[in-house]
Amino acid sequence: MDVHPQPTAPEPTALDADLIRDRLKSAGQRTVSVRVAPEVDSTNTQLARLRAAGETVDVLIAEAQSAGRGRRGRQWISPPGCGLYLSLFRAFAGPVRRLEALGLVAGLAGAAAIQQCCGLQTGLKWPNDIQIDGRKVAGCLIDLGGTDTLPSAIIGIGINIDFRGQTGPEQPWTDLRQVSGHVPDRNRLAAVLIEQLSNDLQQFDARGFVALQARWDRQDVLVGRKVEAWGTGERVIRGYALGVDQSGRLMIQAADRLHRLHGGEVTLKTRQ
Ligand code: BTN
């Protein structure tokens, strides 16, 4: 029997903070302090530690995470070189309830960066999953800090780039190589993501989610679908997703009434 060796996937180009900074500078972005680490437990956790220690790092990116964190206590599988694992710190004008839709803004920026670097169409599944052809390719995790009047956030985004046969998450997932046949340059993707996120956050801080809502509506994969949602210890809400409102809450038309759900508290399943 002939055995055809599997073509070995090329090693990914190493992440390089200088390259990312140069790209940002030529795109006219204000100076952001970008740091690249070979491995951390979680870029969100490590960036919080660095800031607490007085370091002025704005963006932390790692080649690998040993304890990458997903939403609702889940793990984010983060093998070396297989994805982009990036966290960005930003302070906002208060009060903190203004930041309710921050996860959606992060999802929008991630989706825009993927579109720009890979030419792919993305879908957004509330509150902050980025999908391609119905499979999750990226997710966002927001850790809030600061005070009610001077809130801040660490915005973490993980994008699956090329898992090269490694085991991925349990839910239906994909990576950018599988869907496009190409592996994007991670330094370019990082720079485009930082630029997009900075611009979107500025608009969000100035005008709220409503400034970005039309972009969400165009990519919303849930509208019209039957969904089930539940938070901790709450009863299940079953109904049809009607899109998001101006605060970024998911509207579900259930048998009893129209429900509006906050992102942080809900697990969601779609039904046929
Ligand atoms: C999710 O979809 O459950 C959220 C995933 C968020 C993953 C990113 S990777 C960079 C940052 N660091 C973490 O530990 N998590 C986020």
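The numbers here are math on the coordinates, done by the rules we state, and not lab data. Every value quoted in this text rests on a predicted model; they were computed, and no experiment measured them. Here the Cβ is made from the backbone with ideal geometry for all residues, glycine too, and neighbour counts use every protein chain on show.
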* Mind checking Rg over Rh on the chain, alpha carbons, Kirkwood formula for Rh? -> 0.97
* Asked: Just the Cα atoms of the range 152-268, one point each, no solvent: what log10 I(q)/I(0) does Debye give at q = 0.09, 0.13, 0.15, 0.23 Å⁻¹?
  -> -0.36, -0.75, -0.96, -1.26
* Using only alpha carbon pairs under 8 Å that are at least six residues apart, calculate the relative contact order of the chain and give it in whole percent. => 16
* Asked: When the label point is put 7 Å from the Cα of Asp16 along its Cα-to-beta-carbon vector, which residues of the range 185-200 have a backbone N closer than 16 Å?
  -> 185-192
* Asked: Longest exposed-loop-site-free stretch of the chain, with trypsin sites (Lys or Arg not before Pro), DSSP loop and at most 12 other Cβ within 10 Å?
  -> 31-234
* Segment Ala53-Val210, extension gain: residue separation times 0.36 nm, minus the distance between their alpha carbons -> 53.0 nm
* Structure fact -> Among Pro151, His259, Ser33, the residue whose Cα sits farthest towards the positive end of the charge dipole of the chain, when +1 is placed on the Cβ of each Lys and Arg and -1 on the Cβ of each Asp and Glu, is His259
* Asked: Just the Cα atoms of the range 95-192: what Rg and Dmax do they give in Å?
  -> 14.6, 47
* Report the net charge of residues surrounding Asp217, where surrounding means a beta-carbon distance below 14 angstrom and charges are Lys +1, Arg +1, Asp -1, Glu -1. => +2
* Which of rounded, prolate, oblate describes the range 59-144, given a ≥ b ≥ c as roots of the alpha-carbon gyration tensor eigenvalues and a/c under 1.5 marking rounded, otherwise prolate only if a/b is larger than b/c? -> oblate
* Pairs of lysines 8 or more apart, or on different chains, with alpha carbons under 15 Å: count those in the chain, would you? => 5
